[in-house]
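Here's the structure we're looking at; comments come further down.
The values are calculated or read from the model by the stated rules, or taken from the named source; none is laboratory data. Predicted model only: the values in this text are computed from it and were never measured. Every residue, glycine as well, gets a Cβ built from its backbone with ideal geometry; the counts of neighbours run over all protein chains shown.
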Amino acid sequence: MGDIMILKKSDKIIALVGVVILIVAAIGIVLYTSEGNETPTEPQPVMKKYSVGWIEESPTPIEITDFVSKKEVLTGQFNLEASEPGSVICVITNVDVQITWQDNIVAKFALFRKGQDTLTATVTPSGGESKTHSSTGSGNETLSFSINSKPNDELIEDVESESEAESIILEKYDGMNTISFDYEVKVVVGEKLLNLRPLKLLNYLRDKGNDFTFKITYTYFHPDIQEYGKSSPDDEEDSNQESDMGTLTYNTMAYPGKN
């Protein structure tokens, strides 16, 4: 019979410990390899909501004063551009053009009301329909133009920041902050050249044309963008004031004979 190797108890323990060490080492290698192959996950951005309201503004009127000769048709153009500090965009909604004038010859010689001039002015917005004013002797009329509808209040969702909400508003209303107008003005004098009466002939020669004035007023809106569900600074200030006013302090009074 061959020799049979008999392990002592201590040898068995050492062998068992060795096997355990090998198993733990193998598990560690597997875990290290799997962790090394994992792709790190990026943190997901926090999505926000922003409410958009609109504030109405009416800037200082613009005046254009000019002279139109009886021998010409005067043409011109004026441009409006609305802007508001801190606002990403403005929307022009309405424009009013007030036309005023007076026959300068008749105004100087009030006794002679015949032969009054007639002034005609046509104003046309870019891409819109023209409107015309015509009057004799003098005139004062306002031509009103509707340019854009008033923007609606809205809620912008699923954006990361206020600047992203502003970009959405800018894209939606881009170009609505400007408008140009063309105008044409002409005058027909009341006095005739072929007139045998010396005074009327003199008035015709004196009458070179007329002055007129355009007074331009307009309305525009600009956005007020607030994070939805977040109190504005004004609301917080009002809340603090209410809290301060709601706290009263009473001092007890000591009466004679009482502790």
Of the listed residues (Leu143, Leu155), the one being modelled with pLDDT of 95 or more, surrounded by fewer than 16 Cβ atoms within 10 Å (Cβ to Cβ), touching a strand residue (DSSP E or B) at 6+ places or on another chain (Cβ under 6 Å) and in a strand (DSSP E or B) is Leu155
Only one of Glu63, Glu35, Glu42 is over 23 Å from Val88 (Cα atoms) and modelled with pLDDT of 95 or more. Can you tell me which?
Glu63
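Being more than 26 Å from the chain's Cα centre (by Cα), in a strand (DSSP E or B) and farther than 14 Å from Leu119 by Cβ narrows it down to one of Thr65, Thr75, Thr100, so name that one.
Unique residue meeting the criteria: Thr75.
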Would you check if Ile105 is in contact with an Asp or Glu (Cβ under 7 Å, 6 or more places away or on another chain), among the β-branched types (Val, Ile, Thr) and at pLDDT below 90?
yes
Selection from region 117-134 of residues that are without any contact (Cβ under 8 Å) to a residue 12 or more places away in the chain and not charged (D, E, K, R):
Gly127, Ser130
Restricted to region 158-168 and to residues being more than 18 Å from the chain's Cα centre (by Cα) and of a type in the set (D, E, K, R), the residue surrounded by the most Cβ atoms within 10 Å (Cβ to Cβ) is Glu160
Would you mind stating whether Thr93 is at pLDDT 95 or above, among the hydroxyl-bearing types (Ser, Thr, Tyr) and more than 22 Å from the chain's Cα centre (by Cα)?
no
